[in-house]
Amino acid sequence: MTEEADTGADSFLGGLLRLHQPPRGAHRAGTDAVLLARLLAPQAGERVCDVGAGTGAVGLACAALAPGLRPTLVERDPVLAGQARANAALNGIDAQVLVADVLAPAAERRAAGLAPDSFDVVLTNPPFFAPGSHRASPHPGRAAAHTFAGGDLETWIRTCTAILRPGGRLGLIHRADALPACLDALKGRYGGLAIRPVHPRGDAPAIRVLIAAVRGSRAAASLRPPLVLHGSDGTFTTEAEALHRGAPWPSL
């Protein structure tokens, strides 16, 4: 999903972005980050926030694809936030990095710099699991990235909504089997949902779901054609290859 550059940084989007990441075995950005970064195609001048940014892959990828875009990267782990800041500098991207807990009370979030109604686009890859609902990774960083430490998906989406302006766009990636929970969390807050399942192969069940939504909209939801990642020979499909290489492609 990534290529190793001479600098020791992973190469994303065909070399448009270089990213230092935690060691293998920890949570590392890959295909999920690429798909989320390419979901909405934000442009320079839009206020974009990557919520739960880790080392900054999604927000920085958006900036690499749209020069002049200044993303805000929100991460609760100070070590990962420091890596995100270093990755922004490595790529010459003017990014704001906030150390903030998405699940904290509103006053605490505001004190950390997350003001209400302040972004045009919010992109997020929430933790996939509630505590006790799966076998957690023995690696603390990977476990923290995949499991809610407190709160839940509904609380996470509530925060994303609070910092997104009315009419702003939300982009979300999650497990395919979590689609009902995602729809429950979005209900009453968003409309115009565009839902796209992601399949590892054409003959395999979906493993991820991409959701785009508009805050406060009353437009109907739509189910988009599936995104298939690999052909029968195991190589990327034309679309998946273009997305991973940073080639021009319609937003997902």
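The values are calculated or read from the model by the stated rules, or taken from the named source; none is laboratory data. Note that the structure is a prediction, hence the values are computed from the model and not measured. Reconstructed Cβ throughout: ideal geometry from the backbone, glycine too, with neighbour counts over all protein chains shown. Heads up: the accessible areas ignore ligands, DNA and RNA and are worked out on the full protein's heavy atoms, side chains in. Shrake-Rupley method; radii C 1.70, N 1.55, O 1.52, S 1.80 Å.
Sub-6 Å Cβ pairs linking a first residue in segment 190-206 that is within 11 Å of L229 (Cβ to Cβ) to a second residue that is of a type in the set (K, R), at least 6 apart or interchain, are V198/R208, ordered by first then second residue. With respect to A213, determine if the residue is at pLDDT 95 or above, open to solvent by 20 Å² or more (accessible area, probe 1.4 Å) and among the hydrophobic types (A, V, I, L, M, F, W, C). So A213 does not fit the description; no.
One line per residue, one yes/no per condition, for (1) crowded, with 24+ Cβ neighbours inside 10 Å; (2) free of Cβ contacts under 8 Å to residues at least 60 places away in the same chain:
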site: L36; (1), (2): yes, no
site: A41; (1), (2): no, no
site: V48; (1), (2): yes, no
site: G54; (1), (2): yes, no
site: G59; (1), (2): yes, no
site: A64; (1), (2): no, no
site: E75; (1), (2): yes, yes
site: Q83; (1), (2): no, no
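For segment 161-206, filtering for residues that are assigned to a loop (DSSP other than H, G, I, E, B) and within 17 Å of A219 (Cβ to Cβ) leaves 3. Looking across segment 220-235, the residues that are open to solvent by 60 Å² or more (accessible area, probe 1.4 Å) and either hydroxyl-bearing (S, T, Y) or assigned to a strand (DSSP E or B) (or both) come down to L223, S232, T235.
The number of residues in segment 140-178 being at pLDDT below 90, of a type in the set (V, I, T) and touching a Leu at 6+ places or on another chain (Cβ under 7 Å) comes to 0. Here is a check on your reading of the model: is A240 open to solvent by 40 Å² or more (accessible area, probe 1.4 Å) and either modelled with pLDDT under 95 or more than 15 Å from H174 (Cβ to Cβ) (or both)? Spelling it out, it is not the case that A240 is open to solvent by 40 Å² or more (accessible area, probe 1.4 Å) and either modelled with pLDDT under 95 or more than 15 Å from H174 (Cβ to Cβ) (or both).
Are any residues in segment 207-219 assigned to a strand (DSSP E or B) and aliphatic (A, V, I, L, M), and if so, which ones?
If we filter segment 207-219 for residues that are assigned to a strand (DSSP E or B), which is where we start, we get 208-215.
Once the filter is applied, which keeps residues that are assigned to a strand (DSSP E or B) and aliphatic (A, V, I, L, M), segment 207-219 yields V209, L210, I211, A212, A213, V214.
Restricting attention to segment 237-247, the residues that are under 21 Å from the mean Cα position of the chain (by Cα) and outside any helix (DSSP H, G or I) total 3.
Between L98, L90, the distinction of being open to solvent by 50 Å² or more (accessible area, probe 1.4 Å), under 25 Å from L40 (Cβ atoms) and modelled with pLDDT of 95 or more belongs to L90 only. Please verify whether L35 is closer than 26 Å to I207 by Cα and in contact with a strand residue (DSSP E or B) (Cβ under 7 Å, 6 or more places away or on another chain), treating the condition exactly as stated. Spelling it out, L35 is indeed closer than 26 Å to I207 by Cα and in contact with a strand residue (DSSP E or B) (Cβ under 7 Å, 6 or more places away or on another chain).
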